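Comments concern the structure below.
The values are calculated or read from the model by the stated rules, or taken from the named source; none is laboratory data. Nothing here was measured: the structure is a model prediction, and the numbers come from that model. Reconstructed Cβ throughout: ideal geometry from the backbone, glycine too, with neighbour counts over all protein chains shown. For the accessible areas, the whole protein counts, side chains as well, though only heavy atoms, and no ligand, DNA or RNA atoms are used. Shrake-Rupley method; radii C 1.70, N 1.55, O 1.52, S 1.80 Å.
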Amino acid sequence: MPWVTVLQLQNNEIGDTGAIAMAASLPPSLVELDLGHNHIGDAGTQALAAQFPASLKTLVLAGNRLGDDGAFAIAGNISMLVHRLVPPPLDPGMPPALDKLDLRDNAAMTDAGRDAIRNVWSVRDGVLYLS
């Protein structure tokens, strides 16, 4: 699947088990991943975050069940993607960096998880949806 750039799989009840299985086979060419409203919790989010491809620009995990552990995993693993947009010196051959993150409506996430995401995101002007 090296040619796949967009996966929009919202509202499919994927859950943690599906997210864990999917994480192992995310295509390296993936630019957009929308897994909104799929009952994905911390375990699934942690598995996905560990496998984010360097090409990822848009990540939507809105309306899931992710809590602070999932938020911390995202914050830790997207840090390298977000920091690619910090001003020079940049390698012009670098793949695009994450510039849209949607984590709205994850009721299990507390201020600690949201703060971890905000701290990573604060170095840039990308679109962040967080509630």
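Which residue pairs have Cβ atoms under 8 Å apart, sit 6 or more places apart or on different chains, and have a first residue in the stretch 110-122 that is closer than 13 Å to Asn77 by Cα and a second that is part of a loop (DSSP other than H, G, I, E, B)?
Going by the 8 Å Cβ cut-off, the qualifying pairs are Ile117/Leu103; Ile117/Leu130.
Just to verify a result, which residue in the stretch 100-117, among those that are under 15 Å from the mean Cα position of the chain (by Cα) and assigned to a helix (DSSP H, G or I), is farthest from Leu35 (Cα to Cα)?
Among residues in the stretch 100-117 that are under 15 Å from the mean Cα position of the chain (by Cα) and assigned to a helix (DSSP H, G or I), the one farthest from Leu35 (Cα to Cα) is Ala116.
Does the stretch 4-26 hold any residues that are touching a helix residue (DSSP H, G or I) at 6+ places or on another chain (Cβ under 6 Å) and either touching a residue at least 40 places away in the same chain (Cβ under 8 Å) or open to solvent by less than 40 Å² (accessible area, probe 1.4 Å) (or both), and which are they?
If the condition is that a residue be touching a helix residue (DSSP H, G or I) at 6+ places or on another chain (Cβ under 6 Å) and either touching a residue at least 40 places away in the same chain (Cβ under 8 Å) or open to solvent by less than 40 Å² (accessible area, probe 1.4 Å) (or both), then Ala19, Ala23 are the ones that fit.
Quick grid of which residues meet (1) of a type outside the set (Gly, Ala, Ser); (2) open to solvent by 60 Å² or more (accessible area, probe 1.4 Å); (3) at pLDDT below 90:
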site	(1), (2), (3)
His37	yes, yes, no
Leu48	yes, no, no
Gly67	no, no, no
Ser79	no, no, yes
Arg104	yes, yes, no
Asp111	yes, yes, no
Val127	yes, yes, yes
